[in-house]
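The values are calculated or read from the model by the stated rules, or taken from the named source; none is laboratory data. Because the structure is a prediction, the values reported are computed rather than measured. Cβ placement follows ideal geometry from the backbone for every residue including glycine, while neighbour counts extend to all protein chains displayed. Accessible surface areas use protein heavy atoms only, side chains included; no ligands, DNA or RNA. Shrake-Rupley method; radii C 1.70, N 1.55, O 1.52, S 1.80 Å.
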Amino acid sequence: MVIIVCATKTIKEGNMGVTPQSKGITIDFDCQFAVHVKDGKLSSILAAFTEILSQMLPDFFQRVLVGYGEYVMALRKKPFSCDCCGNDEKFTWKTKHGKETKILTIYRWVVLQQLQVLCKKCGHKFYITRTLLGIESHKRIPAETYRKLGLLGCLTTYRVAEKIGGMFGWAVDKMTVWNAVQKTASEIDFKLDGNELAEGEADGTGIGIKGIAKRGKELKVFIQYKKGGGVRVAGLDIGKYNGSWNKLFQNSIEIFKGFRRSFLLITDGDTTILDGLKGKVKIIVQRCLWHIPYQARYVLWQDGVKHKSEEWLCIISELLEICAIRPFVDCQKTIEKMIESKRKRLDSLIGHCRKQGFNHLVSYLESARPDMFTAIEKRLNGKTTSKVERVMRTVNMRVNVSKWSDSGALNVTKIRLAYYYNGFDA
Ligand SMILES: [Zn+2]
């Protein structure tokens, strides 16, 4: 359909008088090609354009690479050196069209003929293609490519990623994007940042796992508050409900110790969260007060209390009041009185539930009770809104559209959260 003839005409330095390496070089192309179309419709013309681009890519790469190779060979000091003798000045060309190598770009695979030089000092010959391209030796998929595809695969489904790529003429399939996600994720690790606040939240969210019918597994997230507002991700793990939370904190133990005051951890309550930290670091736990009335609805259902019945409304509204904290009360005496009154109300609520035989709710509230007002008692800010909740929505938008393997879900979430919260980009 399309014939392309490209020829390098001249190579000139971008701007004489300026350090050439910082300004780069200009490579002129003379291109000639024929376009064959059935009709003049928008779609036909764009299809032809896409076709030209994809056919031009390998030639384009090769020409620019050779052009740049010729430019650096004319420099006194080369941007590469001989592995044998360390010489970085005296070389001759062995070939500009040597053994083929295949690399994946975000558009498609490109086959390149390698550039090979000969060291004038020791006679060693070697390829300089990958050095010039700035990519790792022996890797068919450069980091630059898999990180971009990895980011794409975490922002949308693999199917959609393939579809969107196809619309722009890419030849990158679902499997390639999937692989890129796993590879990119393997390079991402989360931990606390010692320069940010000694305050954060931990929570879990359920995700669907292949072969597990009901609730699947839990994705656990540990976030840290930032000085300028906002949050960053400090830990991520996947596991069973009520399973270990150790991995969430294990990268951060030393940083926990480095904070000048105890770390304030807000959590929705699973006490096993802290097992991994016991005896190692000082932590003040504050139950997430926002979660308590919310979780109580589920617990009341377990106790057989009818949704929105008189009893249900009484308990939930009382809990909402107990859990509502006015921010910025800074008088110690007022805080003490306030907490005393809230504890009394909580105790009488627990007493009432015990009489009624709502055993699930009784044990839930009793386990929460010791940590409900810690932060406020310490005159720290007892936040009642959950920031981790927002993070979980970011997670769910991607993981709820599929059934996952453990590592598949963890990896896609890693990149997604790194991108949205920790400044990762590709
Ligand atoms: Zn040498």
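Numbers at a glance
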quantity	calculated
Order of exposure, largest accessible area first, which applies to Lys387, Lys414, Lys183, Lys282 with probe 1.4 Å	Lys282, Lys183, Lys387, Lys414
Given charges at beta-carbon only (K, R positive; D, E negative), |dipole| of the range 272-426 in Debye	280 debye
Share of carbon and sulfur in the accessible heavy-atom surface of the chain [1.4 Å probe, %]	52 percent
Computed [θ] at 222 nm, deg cm²/dmol, the chain (DSSP H ≥ 4; -39,500 (n - 2.57); rounded to nearest 500)	-13000 deg cm²/dmol
Solvent-accessible area of Thr334 with every protein chain in place, 1.4 Å probe, in Å² to the nearest 10	60 Å²
Dipole magnitude of the range 217-303 about its Cα centre (Cβ charges: Lys, Arg +1; Asp, Glu -1), debye to nearest 20	460 debye
Charge dipole magnitude, Cβ of K and R +1, D and E -1 - the chain, Cα centre, debye nearest 20	480 debye
Listed residue (Cys85, Leu361, Val285) projecting farthest to the positive dipole end of the chain, Cβ model	Cys85
Equivalent ellipsoid, the chain (semi-axes from 5 times Cα gyration tensor eigenvalues, Å)	60, 27, 18
0 to 90° range, to nearest 10: angle between helix 332-356 axis and the chain longest Cα axis	80 degrees
Residue-wise HN-Hα coupling along the range 192-209, computed from phi with Karplus coefficients 6.51, -1.76, 1.60 (Hz; x: Gly, Pro)	5, 10, x, 8, 9, 6, 8, 7, x, 9, 10, 7, x, 9, x, 9, x, 10
Vicinal HN-Hα couplings computed from phi for the range 135-150 (Karplus, 6.51 cos²θ - 1.76 cosθ + 1.60; Hz; Gly/Pro x)	10, 5, 6, 6, 8, 7, 10, x, 3, 4, 6, 5, 5, 5, 5, x
Surface per residue (accessible, 1.4 Å probe) for the chain, Å²	54 Å²
Helix axis angle, 291-302 relative to the chain longest principal axis, alpha carbon, degrees	70 degrees
Cα long-axis angle, helix 158-167 against the chain (0 to 90 degrees, to the nearest 10)	40 degrees
Residue-wise HN-Hα coupling along the range 407-421, computed from phi with Karplus coefficients 6.51, -1.76, 1.60 (Hz; x: Gly, Pro)	6, x, 5, 4, 5, 5, 6, 3, 5, 4, 6, 4, 6, 6, 10
